[in-house]
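Trainee: One structure, as structure tokens, below. Some questions next.
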Amino acid sequence: MKSSLSRRFAVTLFLFSLVGQIAWVVENMYFNVFLYKMFHATPDAISAMVSASAVAAAVTTVFMGALSDKVGKRKLFIWLGYVLWGLSIIGFLFLNRSTLSALFPAATSIAAIGVTLTVVLDCVMTFFGSTANDAAFNAFVTDATEEGNRGKAEGINAMMPLIAILVVFGSFMFFDLDREESWRAIFLIIGTFVMLVGVVGLFLIREPQITPSREGYFKSVLYGFFPSTVKKNPTLYLTLLAFLIFNVSIQIFMPYLILYYEVSLGMKDYVFIMAPAILVAAAVTFFWGRVYDKKGLFFSASLSLTSLVLGYMLLFFFRGTVPVFIGSLLMMIGYLAGMAVFGAHIRSHTPRGKAGLFQGVRIFSQVLIPGVIGPYVGKLLLANAETVLNSDGTRSFIPNATLFLGAAVAAVVLIPFLFLLKNKKGAEK
């Protein structure tokens, strides 16, 4: 088994993972801010957007992952998907009060129209993004790696969200997010960047050698959900269930994290506070994949979970800059390190040549179910949150620290599943 990664593959992994995560960070962490600031969105609206996007991501990944297996190609879905993904992001330039007021002069609530159109366009964008990244690129990474080097690859892959957060935070600090002009510039820059990377992929990506699936397309779509498939791959599905619980924990607080820093804690300079934490967490995550390669899932996941819960507790109990910094650092290390080890374990137990077929099942555990349950729990936790009066007479909610307590409870539920996985022997192929 190979233990090293080729230079070309490493560059491809770094570039497409990073740019994909930059786009996802803008969606997952700042679309909520966009709705909040431009259209005074409620927790219900934010929860609805996150859930709708999760459903779109899951459905897209199920169908497009199976299609990429059927045609035996990954490269086309990746580079063309990134180009269309970027175009859909640019489409958000037109979602602002000025443009919508001109288009709908008789509307009684521009804010309601803005929220609705944002949710719809978010789903369109998610279709292209999930086709390119969740379905094709993730299958490509599985195809191009093997058991001896998946931890290294996943270490690189899993630290990209933190680097993406750092890039986005650093870039957004130059914009006044209360102004429509700032959001127009942001969507134009991010969309153009994603499109350009897609074009680069046409020349950079090396098509992996995979045999086109001979199964009927719709049978391929449903393959990962058949009871017989679950029975053949018990370790894979137990890992996916554990990964689902892990991601529910993350989704309880993540849609509200930036708003919590800025609105609840009053940290207008949270970028400077978070940047060092992000850099340290990214470095730890890079090496954590190697820990998984050497020590296995139970050891590496247990430490990741411990770091995550400790971070939650500090964020729940304290409001000062130093403990918030330490809590955020531990939370981010636990989050990304956990993503790395679960991701590597899922790849290691994915049957060879069927990576596309299982991307839909993976997205159910990573995005769909957590994306519905997590924000809903967060909404319930914020049911009695304080509100603030806006200049136009509407009121906006103030996120509070109970989000982190709820996330910690969900994380603790994961512990028995780690022991079950520890007792699982071997890998089903």
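Trainee: Using a cut-off of 14 Å between beta-carbons, work out the net charge of the residues near Ser47 (Lys and Arg +1, Asp and Glu -1, Ser47 not included).
Mentor: -1
Trainee: Further question: If packing is taken as the average count of other Cβ atoms within 10 Å, what order do 241-249, 267-275, 404-412 fall into, highest mean first?
Mentor: Most protected by this proxy first, the peptides run 241-249, 404-412, 267-275.
Trainee: Of Thr350, Thr99, Thr387, how do they rank once you tally other Cβ atoms within 10 Å and put the fewest first?
Mentor: On the way: Thr350 27, Thr99 15, Thr387 11.
Fewest to most other Cβ atoms nearby, the residues stand as Thr387, Thr99, Thr350.
Trainee: Work out the FRET efficiency for Ile415 and Ser171 from their Cβ-Cβ distance, taking R0 = 45 Å, and round it to the nearest 0.05. Don't skip to the answer; put the middle values down first.
Mentor: On the way: r = 38 Å, r/R0 = 0.84.
According to the calculation, E is roughly 0.75.
Trainee: How far is helix 43-71 tilted off the main Cα axis of the chain, in degrees rounded to 10, range 0 to 90?
Mentor: 30
Trainee: Right, something else. Counting Lys and Arg as +1 and Asp and Glu as -1, what is the net charge of the other residues whose Cβ lies under 15 Å from the Cβ of Phe174? Walk me through the numbers before you get to the answer.
Mentor: On the way: positive: Arg179, Arg184, Lys268; negative: Asp176, Asp178, Glu181, Asp269.
Summing Lys and Arg as +1 and Asp and Glu as -1 gives -1.
Trainee: Follow-up question, since we're still on this one. With 10 angstrom as the radius, rank Arg74, Arg362, Arg214, Arg352 by how many other C-beta atoms surround their C-beta, starting from the fewest. Can you show the working numbers first?
Mentor: Numbers: Arg74 27, Arg362 30, Arg214 7, Arg352 10.
Starting with the residue having the fewest Cβ neighbours, the order is Arg214, Arg352, Arg74, Arg362.
Trainee: Can you give me the C-alpha center-to-center distance between region 215-294 and region 71-111, rounded to a whole angstrom?
Mentor: Using only Cα atoms, the two centres lie 26 Å from each other.
Trainee: List the relative contact order of the chain as a percent without decimals, with contacts defined as Cα pairs under 8 Å and 6+ residues apart. Before the final figure, lay out the partial values.
Mentor: Numbers: 716 pairs, mean separation 119.9, N = 429.
The normalised contact order for the chain reaches 28 percent.
Trainee: What size of dipole, in debye to the nearest 20, comes out for the chain about its Cα centre when the only charges are +1 on Lys and Arg C-beta atoms and -1 on Asp and Glu C-beta atoms? Mind showing how you got there, number by number?
Mentor: On the way: 33 positive and 21 negative charges, 350 e Å.
The calculation lands at about 1680 debye.
Trainee: Give the residue list of trypsin sites (Lys or Arg not before Pro) in region 288-337 that are DSSP loop and have at most 13 other beta-carbon atoms within 10 angstrom. Let's see the in-between values first.
Mentor: On the way: sites: Arg290, Lys294, Lys295, Arg319; in loops: Arg319.
Here the sparse-neighbourhood loop sites are Arg319.
Trainee: Working from Cα positions, state the angle (0 to 90°, nearest 10) between the long axis of helix 75-90 and the longest principal axis of the chain.
Mentor: On a 0 to 90 degree scale, this one is about 0.
Trainee: Something else: Are any of the pairs Lys70/Lys231; Lys73/Lys219; Lys295/Lys422; Lys73/Lys231; Lys75/Lys219; Lys70/Lys152 more than 21 Å apart by Cα-Cα distance, and if so, which?
Mentor: Details: Lys70/Lys231 23 Å; Lys73/Lys219 18 Å; Lys295/Lys422 11 Å; Lys73/Lys231 28 Å; Lys75/Lys219 23 Å; Lys70/Lys152 28 Å.
In this structure, Lys70/Lys231; Lys73/Lys231; Lys75/Lys219; Lys70/Lys152 lie more than 21 Å apart at Cα.
Trainee: Rounded, prolate or oblate: which one fits region 252-385, using the alpha carbon gyration tensor with axes a ≥ b ≥ c (rounded when a/c is under 1.5, else prolate when a/b beats b/c, else oblate)?
Mentor: Numbers: a/c = 2.44, a/b = 1.46, b/c = 1.67.
In terms of gyration-tensor shape, oblate.
Trainee: Going 7 Å from the Cα of Thr211 in the Cα-to-Cβ direction, what parts of region 62-80 have a backbone nitrogen less than 20 Å from that spot?
Mentor: Residues 66-75 qualify, since their backbone N sits under 20 Å from the label point.
Trainee: Still on this structure, please answer the following. Compute the signed sum of charges (Lys and Arg +1, Asp and Glu -1) over the other residues within less than 12 Å, Cβ to Cβ, of Ile205. Could you put the intermediate results ahead of the total?
Mentor: Numbers: positive: Arg8, Lys73, Arg74, Lys75, Arg206; negative: Asp143, Glu207.
Once all neighbours under 12 Å are counted, the net charge is +3.
Trainee: Something else about it: Specify which labelled value, from (i) 62, 45, 39; (ii) 129, 43, 39; (iii) 63, 54, 40, agrees with Cα extents along the principal axes in Å derived from the coordinates of the model shown.
Mentor: (i)
Trainee: Would you calculate, for the chain, the mean residue ellipticity at 222 nm contributed by helices, counting each DSSP H stretch of 4 or more residues as -39,500 (n - 2.57) and dividing by all residues, to the nearest 500? Write out the running numbers ahead of the final one.
Mentor: Details: 19 runs with 304 residues, N = 429.
For the chain, the value works out to -23500 deg cm²/dmol.
Taken together, the values in this text are just the output of simple stated rules run on the coordinates, not laboratory data. Predicted model, so just to flag it, every value in this text is computed and none were measured. Cβ sites come from the backbone with ideal geometry, for glycine too, and all protein chains shown count toward neighbours.
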